[in-house]
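The structure appears right after this line, and notes come after that.
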Amino acid sequence: MRHNFLMSNETLFRDLDVLDIDHMPEIFRFRDTQLRQIAECIRPAIHGGRPLNMILRGPPGTGKTTSVKRCFTEIEEAIPGIIPVFVNCQTVQTEYRVFRKIYAAVFRQKPPVSGVSVPSLIEALCEELIRRGAVLLICLDDANFLFHDHILERVLRSLLRLHEEYPGVKTGVIATINSPDISILPFLSPSVISVFRPNEVIFPPYGEEEVRAILHDRVRAGLYPDVLPSKVLDAIVQETMRDTDLRVGISLLHAAVRLAESDGRKTVTGADVRTAVLRVGHPHLKQVVRGLREDERRMLCRMAVLHQTGEGEMVSGKLYRALQAEVPMCYTLFFERLEKFRNLGLIEMFRPPYHGNTRQIVLRYDAGTVREACGVG
Ligand SMILES: Nc1ncnc2c1ncn2[C@@H]1O[C@H](COP(=O)(O)OP(=O)(O)OP(=O)(O)O)[C@@H](O)[C@H]1O
Ligand SMILES: [Mg+2]
């Protein structure tokens, strides 16, 4: 018989929020260098100048968003002359919506629901910025979601050239990119590149000891003492290291403790971690798939099915034909979507030698995992 059954209202979590992947951590370790570099680029704005533009680059779960949010909180609390605007490009994917977001941050109220064009929003914004003598600092978080259809080009062109039409307006842009391999430059025209000129801040993956220290902080803040033996934490660290995404570790902690709790135990075991690994999967993949449009998700899912069944070779022309039955689209749209998937780190594309414009497509995740993330087991 098992001992120490918990009462139904007992919990192993001291603070459940701490084990949420969107939680802003109290202690933010190992990113002082990056925070200092970001601060250096923002500093001119403290004295009324133009902030330097930045690209924060690093694999998923390496602290880019958290770094920006920490800086923005500091600015909001202490520097009234800078207006920080955080734009999550996974959900805000048009120029119009980016400017609505900026408008809402500057005026602290949403713009009228409809009928306001981008130029009118810009005019109102710029007049307000000049009136307040304030500098605008915009973070385009996960900017790779704007690479398609020249959206990033349009957004940057508008943002970085505001001073040409409205002298005195000062803006800086921070773009985060979660792939070390993707360059932003091919998605921008020379005239935008010449004003953007970003400083790169690199976020390398955390090392094993760093992952352990960060997760240990979460354990201390989020769980009651002795709930998670250090050997079990070791197992979670090992799993996290396979992926480099810290969200995997945080999600595993959360899921493993939940398993122990629902089983009425007061300590988490290695078996809980093994079960949690199956449940948690790839949090980054799930998040990216959630940001896709319905038809894009269907195409990705179908590609995973074709890959599994070997029905359609993953070579551009044949893949296009194989997808037609379930996801009809023109070839241009097909190719745009492939490029979007590549920019989001879902696939890789190679040009095999001697095959003209043909591309070989490779899923970056296991096909079953992709189907699962798309909601099809
Ligand atoms: N140095 C750190 N200390 C504590 N927690 C951290 C640290 N770095 C990242 N985290 C946590 O890891 C999770 C992922 O971090 P974050 O969202 O900042 O990553 P990211 O680099 O923006 O990832 P993505 O490219 O996928 O958007 C968050 O829950 C964050 O709190
Ligand atoms: Mg992020």
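Can you find, within the stretch 46-71, the residue that is nearest to the chain's Cα centre (by Cα) among those that are in a helix (DSSP H, G or I) and over 24 Å from ARG154 (Cα atoms)?
THR66
Any chance the stretch 74-82 includes a residue that's modelled with pLDDT of 95 or more and within 16 Å of ligand 1 (Cβ to nearest atom)?
Yes, the stretch 74-82 contains a residue that is modelled with pLDDT of 95 or more and within 16 Å of ligand 1 (Cβ to nearest atom).
For the stretch 93-138, give me the residue count where each residue is under 23 Å from GLU76 (Cα atoms) and either within 29 Å of the chain's Cα centre (by Cα) or hydrophobic (A, V, I, L, M, F, W, C) (or both).
27
Condition check ((1) of a type outside the set (A, V, I, L, M); (2) more than 18 Å from the chain's Cα centre (by Cα)) across all residues:
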| position | (1), (2) |
| --- | --- |
| ALA235 | no, yes |
| THR244 | yes, no |
| ALA255 | no, yes |
| LEU285 | no, no |
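Could you tell me how many of the residues in the stretch 294-321 are at negative phi and open to solvent by 30 Å² or more (accessible area, probe 1.4 Å)?
Counting residues in the stretch 294-321 that are at negative phi and open to solvent by 30 Å² or more (accessible area, probe 1.4 Å) gives 13.
Out of VAL106, VAL68, which single residue is open to solvent by less than 20 Å² (accessible area, probe 1.4 Å) and within 16 Å of ligand 2 (Cβ to nearest atom)?
So the residue among VAL106, VAL68 that is open to solvent by less than 20 Å² (accessible area, probe 1.4 Å) and within 16 Å of ligand 2 (Cβ to nearest atom) is VAL68.
Which of the residues spanning the stretch 30-42 are open to solvent by less than 80 Å² (accessible area, probe 1.4 Å) and among the basic types (Lys, Arg)?
ARG31
Quick one: would you say VAL87 is within 16 Å of ligand 2 (Cβ to nearest atom), buried (at least 18 other Cβ atoms within 10 Å of the Cβ), of a type in the set (A, V, I, L, M) and modelled with pLDDT under 95?
On the way: within 16 Å of ligand 2 (Cβ to nearest atom): yes; buried (at least 18 other Cβ atoms within 10 Å of the Cβ): yes; of a type in the set (A, V, I, L, M): yes; modelled with pLDDT under 95: no.
Spelling it out, it is not the case that VAL87 is within 16 Å of ligand 2 (Cβ to nearest atom), buried (at least 18 other Cβ atoms within 10 Å of the Cβ), of a type in the set (A, V, I, L, M) and modelled with pLDDT under 95.
I'm trying to understand the selection: among the residues of the stretch 72-84, which are open to solvent by less than 20 Å² (accessible area, probe 1.4 Å), away from ligand 2 (no atom under 16 Å from the Cβ) and either under 20 Å from PHE203 (Cα atoms) or assigned to a helix (DSSP H, G or I) (or both)?
ILE75
Consider only pairs whose beta carbons are under 8 Å apart and that are at least six residues apart or on different chains; among these, list those whose first residue lies in the stretch 51-66 and is under 16 Å from SER194 (Cα atoms) and whose second residue is near ligand 2 (Cβ under 9 Å from one of its atoms).
Once the first residue is under 16 Å from SER194 (Cα atoms) and sits in the stretch 51-66, its partners that are near ligand 2 (Cβ under 9 Å from one of its atoms) give ILE55/THR176.
Considering only the stretch 191-201, I want to know if a residue exists there that is within 17 Å of the chain's Cα centre (by Cα), open to solvent by less than 60 Å² (accessible area, probe 1.4 Å) and over 27 Å from ARG337 (Cα atoms).
yes
Could you count how many residues in the stretch 135-183 are of a type in the set (Gly, Ala, Ser), open to solvent by less than 10 Å² (accessible area, probe 1.4 Å) and more than 16 Å from ligand 1 (Cβ to nearest atom)?
Count: 1.
Kindly indicate whether ASP234 is over 30 Å from LEU156 (Cβ atoms), open to solvent by 50 Å² or more (accessible area, probe 1.4 Å) and in a loop (DSSP other than H, G, I, E, B).
Here the answer is no, as ASP234 does not meet what is asked.
Could you figure out which of (1) modelled with pLDDT of 95 or more; (2) within 16 Å of ligand 2 (Cβ to nearest atom); (3) closer than 30 Å to LEU323 by Cα isn't true of LEU300?
That leaves (2) as the condition not met.
Give the residues of the stretch 215-231 that are closer than 17 Å to VAL280 by Cβ and either out of contact with any Phe, Trp or Tyr (no Cβ under 9 Å at 6 or more places or on another chain) or open to solvent by 20 Å² or more (accessible area, probe 1.4 Å) (or both), sorted by residue number.
LEU215, ARG218, VAL219, LEU228 - these are the residues of the stretch 215-231 that are closer than 17 Å to VAL280 by Cβ and either out of contact with any Phe, Trp or Tyr (no Cβ under 9 Å at 6 or more places or on another chain) or open to solvent by 20 Å² or more (accessible area, probe 1.4 Å) (or both).
What about GLU239, is it more than 16 Å from ligand 2 (Cβ to nearest atom), over 26 Å from the mean Cα position of the chain (by Cα), among the acidic types (Asp, Glu) and surrounded by 15 or more Cβ atoms within 10 Å (Cβ to Cβ)?
In short, no.
If you take just the helices (runs of 4 or more DSSP H) that sit entirely in the stretch 269-377, which of them hold at least 2 residues that are farther than 30 Å from HIS254 by Cβ?
Values: elements: 270-280, 283-290, 294-309, 316-324, 331-343, 367-373.
In the stretch 269-377, 294-309, 316-324, 331-343 are the helices (runs of 4 or more DSSP H) which contain 2 or more residues that are farther than 30 Å from HIS254 by Cβ.
Would you confirm, using the coordinates I've provided, whether ARG43 is under 30 Å from GLY249 (Cβ atoms), more than 12 Å from ligand 2 (Cβ to nearest atom) and of a type in the set (Lys, Arg)?
On the way: under 30 Å from GLY249 (Cβ atoms): no; more than 12 Å from ligand 2 (Cβ to nearest atom): yes; of a type in the set (Lys, Arg): yes.
No: the conditions fail for ARG43.
The values are calculated or read from the model by the stated rules, or taken from the named source; none is laboratory data. As the structure is a prediction and not an experimental result, all values here were calculated from the model. Here the Cβ is made from the backbone with ideal geometry for all residues, glycine too, and neighbour counts use every protein chain on show. With ligands, DNA and RNA removed, areas are computed over all heavy atoms of the protein, side chains included. Shrake-Rupley method; radii C 1.70, N 1.55, O 1.52, S 1.80 Å.
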